[in-house]
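Structure, as structure tokens:
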2 protein chains.
Amino acid sequence: MEYTKPLAQLIEFFQKFPGIGPKSAQRMAFHLLKMPLSEVQRFSKILVEAKENIHYCNICFNMSASNPCEICSDDRRDKTVICVVAETKDLIAIEKTREYKGLYHVLQGTLSPLDGIGVEDIRIKELLTRVTDENIKEIILALSPSVEGEATSMYITKLLKPFKIKISRIAFGLPIGSDLEFADEITLAKAIEGRRIIED
Amino acid sequence: MEYTKPLAQLIEFFQKFPGIGPKSAQRMAFHLLKMPLSEVQRFSKILVEAKENIHYCNICFNMSASNPCEICSDDRRDKTVICVVAETKDLIAIEKTREYKGLYHVLQGTLSPLDGIGVEDIRIKELLTRVTDENIKEIILALSPSVEGEATSMYITKLLKPFKIKISRIAFGLPIGSDLEFADEITLAKAIEGRRIIED
């Protein structure tokens, strides 16, 4: 005997999510079946509502229920700085620090020729338009220190060179609270490369 | 800025599942938003359908879309043996071995006084009724070797003693393919306790 059909379908669907294997999918399905029907109905409604209401901001391509998004339409933000990130979740991570008060540009990916993701597939053209049309003074590149992130950062840097605006990258090095002894070589090399003169 | 409301709700809901932390919930939510609307609508429908259609079998308390369940209503199964398990997922695990051809009884939990789960909260009374009314020759206890599983097994053994039927427990010991060196002491102790004479 296998699982009864609606249960098998449910498990199969949960398995479509990243990081969810057969065991986790099974656990999630059983958990769902133990929820009250009203909860399940609410979940079912939230799923479709989220999908129907969340769109990309026409300016920065952040995911949002409003357009322009909450950040682009916030007058208190510094409209001369754009922080370039790969995905909305990176934007959220930066927002949580409460340190950054400028705008964003969500590329919706990074250049990855091996996966067939080229310049036309991410929002680079739209970034160029913003730099041309808006009064931008600095671009902060906040892409991951992976091969794809590096390639994308380099590409954007070259592309924006003629504009003579400040282009910076977030710092890479040892994470705060970590132990030098256990840092991998590449991180340590980046930390040495990115060293700063201590002013006195 | 926090997540836009429908997205925050979605993440919050995914976090209700066991083993899903904030990061996984976020990843699942973004994955869902990238699915086509038709897929999301199908998922939404499957959730409610599964909840509405899956019920407990009146005989063995297995989760099933039919009642009695597929196993209880299968004439080819041996109706003189009942394998007692804690949850439907344990039943499925045993079914996958294709070794067992008898019936099941799903307790829907194990005795756990600390969590307030007593004899009345699990399907022990119903097991007693089956042993009384049906022509049962053997009860196989297939509960986990945890404190709760042990306590429940002991309780059922005492309860069924007057019936003079065979009561057995699945074997505990070293898992196949494992290395004795790395086995924990309790497992090893169980493996020694459960040793079998090799017949020649």
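The values are calculated or read from the model by the stated rules, or taken from the named source; none is laboratory data. Just so it is clear, the structure is predicted and the values come from calculations on it, not from any experiment. Neighbour counts are summed over all protein chains in view; Cβ atoms, including those assigned to glycine, are modelled from backbone coordinates with ideal geometry. SASA here: full protein model, heavy atoms, side chains in, ligands and nucleic acids out. Shrake-Rupley method; radii C 1.70, N 1.55, O 1.52, S 1.80 Å.
A few remarks follow.
- Percent accessible area from carbon and sulfur atoms, region B:63-197, protein chains only, probe 1.4 Å: 56 percent
- Computed 3J(HN,Hα) for region B:171-183, one whole-Hz value per residue from the Karplus formula 6.51 cos²θ - 1.76 cosθ + 1.60 where θ = phi - 60°, is 7, 10, x, 5, x, 5, x, 8, 10, 3, 3, 9, 6, glycine and proline marked x.
- GNM flexibility winner over chain A from A:Gly109, A:Gly21, A:Gly173 (Cα, springs under 10 Å): A:Gly21
- Copy-to-copy label separations for B:Gly21, where each label sits 7 Å from Cα toward Cβ, in nm and ascending: 1.7
- For region B:1-115, a crude dipole built from +1 on the beta carbon of Lys and Arg and -1 on the beta carbon of Asp and Glu, taken about the Cα centre, is about 380 debye to the nearest 20.
- Between 0 and 90 degrees, the angle of helix A:147-160 with respect to the longest Cα principal axis of chain A falls at about 50 degrees.
- For B:Lys79, distant residues with modelled amide H under 5 Å away: none
- Unit charges on C-beta of K, R, D, E only; dipole of the protein assembly as shown, Debye: 780 debye
- At most 10 other Cβ within 10 Å, DSSP loop - trypsin sites (Lys or Arg not before Pro), region A:1-99: A:Arg76, A:Arg98
- Prolate/oblate/rounded call for the protein assembly as shown, Cα gyration tensor, a/c under 1.5 rounded: prolate
- Between identical copies, the spacing of A:Leu180 label points, each set 7 Å from Cα toward the C-beta atom, reads 4.8 nm from nearest to farthest.
- Closest approach of a chain A Cβ to the axis relating A and B (residue, whole Å): A:Ser44, 2.
- Table column - 3J(HN,Hα) (Hz), region A:9-19, Karplus curve with 6.51, -1.76, 1.60, x for Gly and Pro: 4, 5, 4, 4, 5, 4, 5, 6, 7, x, x
- In chain A, the longest principal axis of the Cα atoms and the axis of helix A:22-34 are about 60 degrees apart.
- A:Ile167 long-range amide H proximity, modeled H, under 5 Å: A:Ile139
- Expressed as a whole percent, the accessible surface of region B:5-53 that belongs to carbon and sulfur atoms is 52, based on a 1.4 Å probe.
- Most mobile listed residue (B:Met28, B:Met154, B:Met63) in chain B, GNM with C-alpha springs under 10 Å: B:Met28
- Sparse-neighbour loop sites [trypsin sites (Lys or Arg not before Pro); region A:110-200; at most 10 other C-beta within 10 Å; DSSP]: A:Lys164, A:Arg195, A:Arg196
- Spatial separation of Cα centroids for region B:11-53 and region B:132-149, in angstrom: 36 Å
- 5 angstrom amide H check on A:Ile117, placed H, neighbours 5+ away: A:Ser112
- Calculated from backbone phi, Karplus (6.51, -1.76, 1.60) coupling profile of region A:41-54 in Hz, x at Gly/Pro: 5, 5, 4, 4, 6, 4, 4, 5, 4, 4, 4, 6, 9, 8
- Accessible area per residue for the protein assembly as shown is 59 Å², calculated with a 1.4 Å probe on protein heavy atoms, without ligands, DNA or RNA.
- Pairs from A:Lys96/B:Lys34; A:Lys89/A:Lys161; B:Lys79/B:Lys158; B:Lys16/B:Lys125 whose Cα-Cα separation, in the structure shown, is over 25 Å: A:Lys89/A:Lys161; B:Lys16/B:Lys125
- The loop-placed GluC sites (Glu not before Pro) in region A:83-133, going by DSSP, that have at most 14 neighbouring Cβ atoms within 10 Å of their Cβ come out as A:Glu99.
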